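Asker: This is the structure, below, for whatever I ask next.
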Amino acid sequence: MKKNKYKKWGIALAIIAIVGLSGFIFRKQLAVLAFDMFLSGHVEESFDKSYKPIEGKEEIIRKVTEPFSVLLLGVDQRGKEIGRSDTIIYSVVRPQDNKVLLLSIPRDTYTEIIGKGFETKLNHAYAYGGAKMSMESVDNLLKHKVDHYATINFEGLKDVVNALDGVKLPITKAIVNKDPDHEKFRIEPNKPIYDGQEALYFVRYREDSDMNRTMRHRIFLNAVMQRTIEMDKIGRIPELIEIMGENFTTDMRPKYMIDLAKTIFMNDGMPSISSYMLHGDGKMIGNGWYYMVKDEDLDYIKTLLDNWLDPKTSKENLMEPRQVKED
């Protein structure tokens with residue numbers, strides 16, 4: 001009798017072990033299943049509030065695994081002021097390869113503003129004509145089509161960071177705003193996690209070079225993305241979208257974004273991110289300071305983007321951005 005009793009307990013423990021092991025091995029599949037069952041509809045409804053297509057722009061239809069480009073515009077808009085795009089990043093996403101290319105374009109880049117017919121700083125395009133004018137101006141500068149846009153108001157990201165219980169930032173020495181005309185703050189170094197206000201200060205700090213500021217924006221966006229797709233944060237996605245509200249807009253359809261997010265989440269590990277910044281020199285024109293992109297760098301960028309946007313390029317043959325010493 002005891003022998004049969006032990007046998008039953010042994011079978012039960014074996015079943016529990018198998019179920020537990022399966023739950024560990026297929027934890028991502030289970031997370032996606034739970035998302036589809038309980039959260040997907042609410043997330044899509046929330047994304048609807050952020051969906052703002054470009055008037056007159058033909059909708060792009062593609063498989064969720066195909067590479068595409070998206071212009072990331074970080075806008076530091078306070079109150080009712082007209083915002084300018086402090087961060088301009090031309091991104092190439094290759095979902096199937098789990099790779100992302102971030103091409104940072106300095107906001108003071110001197111270029112033609114399409115729709116205005118004159119040249120000035122690229123970040124003025126957003127103030128003149130929103131995402132549409134920014135997309136067309138970047139398209140003209142890089143000679144590569146911008147498939148989509150996504151604007152993020154950094155002010156709104158403060159609450160998002162707090163909802164994520166903070167983010168990890170590589171701050172190794174104190175960051176202090178000292179200019180009497182700037183907002184006063186200090187960020188302490190080497191903290192394991194930084195809260196929303198500290199992250200916003202990290203983004204807004206401007207008392208060094210424009211190139212360093214752009215790099216901080218890129219680091220911050222990457223930190224938020226990494227924090228969001230952690231297993232224990234997936235369930236908070238609807239809350240995060242609600243918090244963002246009007247602080248996030250895009251012309252990517254809600255269902256496409258959900259399918260894209262699930263595709264990336266199911267990959268083996270975080271997306272591999274490659275970064276590059278357009279290089280040039282500062283120049284005074286009249287009373288203004290502008291960033292003059294080097295022609296040879298634009299030629300290199302065209303080659304790089306051709307390689308990354310071509311769906312026929314294998315993962316092994318993707319070009320890694322060259323390393324250029326910062327000025």
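The values are calculated or read from the model by the stated rules, or taken from the named source; none is laboratory data. All figures in this text were calculated on a predicted structure; none of them were measured in a lab. No Cβ is skipped: glycine too gets one built from the backbone with ideal geometry, and neighbour counts run over all protein chains shown.
Asker: Test residue 129 against the stated conditions and say whether it is closer than 28 Å to residue 191 by Cβ and not hydrophobic (A, V, I, L, M, F, W, C). So that I can check it myself, show each step before the final result.
Answerer: Numbers: closer than 28 Å to residue 191 by Cβ: no; not hydrophobic (A, V, I, L, M, F, W, C): yes.
The answer is no for residue 129.
Asker: For the range 139-152, how many residues meet the condition of being farther than 18 Å from residue 58 by Cα and buried (at least 20 other Cβ atoms within 10 Å of the Cβ)?
Answerer: Of the residues in that region, 4 qualify.
Asker: Now for a separate question. Kindly evaluate residue 208 against the criterion of being touching a His at 6+ places or on another chain (Cβ under 9 Å), at pLDDT 80 or above and not hydrophobic (A, V, I, L, M, F, W, C). Spell out how you get there, then give the answer.
Answerer: Values: touching a His at 6+ places or on another chain (Cβ under 9 Å): no; at pLDDT 80 or above: yes; not hydrophobic (A, V, I, L, M, F, W, C): yes.
So residue 208 fails the test.
Asker: Would you check if there is a residue in the range 265-274 being buried (at least 16 other Cβ atoms within 10 Å of the Cβ), of a type in the set (A, V, I, L, M) and either at pLDDT 85 or above or over 30 Å from residue 293 (Cβ atoms) (or both)?
Answerer: No: the range 265-274 contains no residue that is buried (at least 16 other Cβ atoms within 10 Å of the Cβ), of a type in the set (A, V, I, L, M) and either at pLDDT 85 or above or over 30 Å from residue 293 (Cβ atoms) (or both).
Asker: Restricting to the range 176-204, name every residue that is charged (D, E, K, R) and touching an Asp or Glu at 6+ places or on another chain (Cβ under 9 Å). It would help to see each step written out before you state the result.
Answerer: Narrowing the range 176-204 to residues charged (D, E, K, R): 178-179, 181, 183-184, 186, 188, 191, 195, 198, 204.
Within the range 176-204, 178, 179, 188, 191, 195, 198, 204 meet the criteria.
Asker: Right, something else. Would you mind stating whether residue 165 is among the charged types (D, E, K, R), surrounded by fewer than 17 Cβ atoms within 10 Å (Cβ to Cβ) and either free of Cβ contacts under 8 Å to residues at least 60 places away in the same chain or under 30 Å from residue 253 (Cα atoms) (or both)?
Answerer: Numbers: among the charged types (D, E, K, R): yes; surrounded by fewer than 17 Cβ atoms within 10 Å (Cβ to Cβ): yes; either free of Cβ contacts under 8 Å to residues at least 60 places away in the same chain or under 30 Å from residue 253 (Cα atoms) (or both): yes.
Yes: the conditions hold for residue 165.
Asker: OK, next. For the range 243-313, list the strands (runs of 3 or more DSSP E) that sit wholly inside it and hold at least 2 residues that are more than 18 Å from the chain's Cα centre (by Cα); which are they?
Answerer: Those strands (runs of 3 or more DSSP E) span 280-285, 288-293.
Asker: With the requirement that a residue be surrounded by fewer than 18 Cβ atoms within 10 Å (Cβ to Cβ) and among the charged types (D, E, K, R), what does the range 93-128 give you?
Answerer: Passing the criteria: 112, 116, 119.
Asker: Residue 226 passes all but one of (1) of a type outside the set (A, V, I, L, M, F, W, C); (2) free of Cβ contacts under 8 Å to residues at least 12 places away in the same chain; (3) under 15 Å from residue 273 (Cβ atoms); which number fails?
Answerer: Answer for residue 226: the failing condition is (2).
Asker: Within the range 169-191, count every residue that is surrounded by 13 or more Cβ atoms within 10 Å (Cβ to Cβ) and part of a loop (DSSP other than H, G, I, E, B).
Answerer: Number satisfying all stated conditions: 5.
Asker: While we're looking at this one, here's another question. Can you pull out the residues in the range 201-215 that are in a helix (DSSP H, G or I), over 15 Å from residue 277 (Cβ atoms) and not basic (Lys, Arg)? Working first, answer last.
Answerer: Initially, the range 201-215 is screened for residues in a helix (DSSP H, G or I), giving 201-204, 210-215.
Add one more test, that the residue is over 15 Å from residue 277 (Cβ atoms), and what stays is 201-204.
The answer is 201, 202, 203.
Asker: Do the conditions hold for residue 136, that is, is it in contact with a strand residue (DSSP E or B) (Cβ under 7 Å, 6 or more places away or on another chain), surrounded by 13 or more Cβ atoms within 10 Å (Cβ to Cβ) and at pLDDT 95 or above? Spell out the reasoning first.
Answerer: Working: in contact with a strand residue (DSSP E or B) (Cβ under 7 Å, 6 or more places away or on another chain): no; surrounded by 13 or more Cβ atoms within 10 Å (Cβ to Cβ): yes; at pLDDT 95 or above: yes.
No: the conditions fail for residue 136.
Asker: I would also like to ask the following. Could you grab me the full set of residues in the range 149-184 that are in contact with a Leu (Cβ under 9 Å, 6 or more places away or on another chain) and of a type in the set (A, V, I, L, M, F, W, C)?
Answerer: Across the range 149-184, the qualifying residues are 150, 152, 154, 157, 160, 161, 163, 164.
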